[in-house]
Amino acid sequence: KMAAAAGGTGAAAALWSEVNRCGQNGDFARALKSVNKILQISKDDVTALQCKVVCLIQNGNFKEALGVINTHSKVLTSDVIAFEKAYCEYRLNRIENALKTIQSASQQTDKLKELYGQVLYRLERYDDCLAAYRDLIRNSQDEYEEERKTNLSAVVAAQSTWEKVMPEDLGLREATYELCYNSACALIGQGKLNEAMKKLQKAEELCRQSLSEDSDVTEEDIEAELAIIHGQMAYIMQLQGRTEDALQLYNQIIKLKPTDVGLLAVIANNIITINKDQNVFDSKKKVKLTNAEGVEHKLSKKQLQAIEFNKALLAMYTNQADQCRKLSASLQSQSPEHLLPILIQAAQLCREKQHAKAVGLLQDFADQHPANAAEIKLTMAQLKIAQGSVTKACMILRSIEELQHKPGMVSALVTMYSHEEDIDSAIEVFTQAIQWYQQFQARTNYGCSVFQPKSPVHLSLIREAANFKLKHGRKKEAISDLEELWKQNPKDVHTLAQLISAYSLVDPEKAKVLSKHLPSSDTMSLKVDVDALENSHGATYVRKKAGKLTGDNQQKEQGQGDVKKKKKKKKGKLPKNYDPKVTPDPERWLPMRERSYYRGRKKGKKKDQVGKGTQGSTTAGSSELDASRTASSPPTSPRPGSAAAVSATSNVIPPRHQKPAGAPATKKKQQQKKKKGAKGGW
């Protein structure tokens, strides 16, 4: 609100009245003109300067307002105009300066506290921001309580999303779509996607109800307001793997052309992540939306970082090597301990076939940042495997101390060593892992002298080691492992059977002694219903159910046992042109190419050699080409497949039953002319 001076006479009093009237009507442009006239009369009037700053702020001229404050700093002290100064700095995105201005104020008014909460949120100091809003809600009673609760829920959602903090129940009644939306964001941060989708659907419903009550609001305005809710819905679909649905919803939002550059940048970035290395032309168009002016002030640091990572990856996919290196180097300088920049650089080097340089780059990073060495070394091992250096990859994996005892790592190393036929190293991997679990169990027993390793992982490793040794002929070593397992569980019949089987190959007498520990056949007999088992679903053999036999049927059954019923043999069908006087061709069942008399197919031979010879010459078959003779003269030879052909060749033995007489012994191959332009096909 604007304050006007009570005193003054003449022209000054009239100007103050005009300022007061314009302020109440919201006409701050006219009010500013009157204030400037007052300052011409009294240039250091504190009230007039304050009014001028307020008019400039209301008109959106924050930079000019801040200039007035700084120019008249002697008159406009921090006690007088601290809020206006901090607000101008906040709106000009000078967040650190705004924080200093608020903290330097001698008196913390309610307005400054409200602004303080906004500043802390922009600085991503969520814990301090949460405390500030709680204090405001507790000590304030006015019409802005709902807005404060909305801001409080936004802080909790940001903590859940960016800091992975378990959000506490604020006990807020979700009566507005803003509160529902913030609650959904908090659920997304926890990974509760289905619940978050339901909250967003409720937020959409509340938003439509709230905006439809205003007759001035159009359907386009409602859709624009719903854009951010739909954007979160699409994000949930993307996380759930429904990329087609997500992509369709993202594109619908872009077509609305929302004014929120931050929303557009996030949606464009998410579309790029869906495209990956495909549809790069679309990704290059979408990346322009992430470069819009003001985006850096609308998004969090992690959002901006993710966008920059994707820009570097897109540059790599589009073969812009220099741009990729430039972006990844910039990201690495901003976050030296982050893994992605160095991984992107290594990937770019691999695309350029510089694998050794990529491995060296990763090794240097692992040496400089031991905390992140595990993930880097896994990548190095993958590169070594791609190069075919499996043994070196195993050495790198075994150097990761925090992972070398994990069952997955043990399995991978054993598989790789087996591929390289290095059985000793594979057994060594098993031994080291088993020893690690024994030492871990000893540490957790608080120095107990009796060690009984009962960890399922430990026992499963011993069993896998024994099976591996048996498979590769290390029977004595396998026996010691099986004995250890049997010692841990003497009732384990499966382990005892394995142990007896192993001893039978090395020491049969010992196997006989151990076999006495096997349970007797009476105790092992299983009460199984054989009929039910045979008739069960999935049985390979099912006994046919015997039906009731009548007297006649019984006699028939008995009769079938004495005399077997002979089945009639069907006569094979003979060819239509079969001649019993002619001996069939013994090679008739073989393919034509495999028959002894096959001489190849005549290539390039056309009927009557039409078009052969010199220009203007006639051929022997020219009479057939004369259309005038076709009606009067009979054809010189029957057409194949016609009735005439059948009658004319009725006395000729078909080629399927007889070798063709007079088959030529040799055949001249016709040279095929090379086709011009064969290389440039369509």
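The values are calculated or read from the model by the stated rules, or taken from the named source; none is laboratory data. Being a predicted model, the structure only gives us computed values, none of them experimental. Methodologically, a virtual Cβ is constructed for each residue, glycine included, from the backbone with ideal geometry; neighbour enumeration extends over all protein chains shown. Surface areas here come from the heavy atoms of the whole protein model, side chains and all, with no ligands, DNA or RNA. Shrake-Rupley method; radii C 1.70, N 1.55, O 1.52, S 1.80 Å.
Of all residues in the stretch 464-485, those satisfying the criterion of being assigned to a helix (DSSP H, G or I), open to solvent by 50 Å² or more (accessible area, probe 1.4 Å) and of a type outside the set (S, T, N, Q) are GLU464, LEU470, LYS471, LYS475, LYS476, GLU477, GLU483, GLU484.
If the condition is being open to solvent by less than 50 Å² (accessible area, probe 1.4 Å) and polar (S, T, N, Q), then the stretch 346-369 contributes only GLN348. Note on the stretch 33-56: among residues that are open to solvent by less than 30 Å² (accessible area, probe 1.4 Å) and of a type in the set (A, V, I, L, M), the one that is nearest to ALA13 (Cα to Cα) is ILE38.
Yes/no matrix, rows are residues, columns are (1) crowded, with 19+ Cβ neighbours inside 10 Å; (2) of a type in the set (Gly, Ala, Ser); (3) out of contact with any Ser or Thr (no Cβ under 9 Å at 6 or more places or on another chain):
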site	(1), (2), (3)
ASP135	no, no, yes
ASN139	no, no, yes
PRO167	yes, no, no
GLY171	no, yes, yes
ASN182	yes, no, no
GLY189	yes, yes, no
LEU226	yes, no, yes
GLY231	yes, yes, yes
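Only one of the numbered conditions (1) more than 30 Å from ILE427 (Cβ to Cβ); (2) under 27 Å from the mean Cα position of the chain (by Cα) is not met by ASP367, and that is (2).
Within the stretch 370-399, the set of residues being of a type in the set (Gly, Ala, Ser) and open to solvent by 70 Å² or more (accessible area, probe 1.4 Å) comprises ALA371, ALA386. Within the stretch 87-96, the residues that satisfy the criterion of being closer than 18 Å to ALA65 by Cα and within 41 Å of the chain's Cα centre (by Cα) are TYR90, ARG91, LEU92, ASN93, ARG94, ILE95. Among the residues of the stretch 73-86, those that are modelled with pLDDT under 90, open to solvent by 50 Å² or more (accessible area, probe 1.4 Å) and within 58 Å of the chain's Cα centre (by Cα) comprise SER73, THR77, SER78, ASP79, VAL80.
Taking the stretch 245-301, which residues are among the basic types (Lys, Arg) and closer than 24 Å to ASN319 by Cβ?
Within the stretch 245-301, the subset among the basic types (Lys, Arg) is 255, 257, 276, 284-286, 288, 298, 301.
If the condition is that a residue be among the basic types (Lys, Arg) and closer than 24 Å to ASN319 by Cβ, then LYS276, LYS284, LYS285, LYS286, LYS288 are the ones that fit.
Taking the listed residues GLU428, GLU402, the one that is in a loop (DSSP other than H, G, I, E, B), without any contact (Cβ under 8 Å) to a residue 40 or more places away in the chain and surrounded by fewer than 16 Cβ atoms within 10 Å (Cβ to Cβ) is GLU402, with no other qualifying.
Considering (1) surrounded by 15 or more Cβ atoms within 10 Å (Cβ to Cβ); (2) modelled with pLDDT of 90 or more; (3) over 25 Å from the mean Cα position of the chain (by Cα), the lone condition that GLU205 does not fulfil carries the number (1).
Only a single criterion out of (1) within 30 Å of PRO456 (Cβ to Cβ); (2) surrounded by 16 or more Cβ atoms within 10 Å (Cβ to Cβ) is not satisfied by PRO407, namely (2). When the stretch 250-260 is filtered for residues that are of a type in the set (A, V, I, L, M), part of a helix (DSSP H, G or I) and surrounded by fewer than 19 Cβ atoms within 10 Å (Cβ to Cβ), only ILE254 remains.
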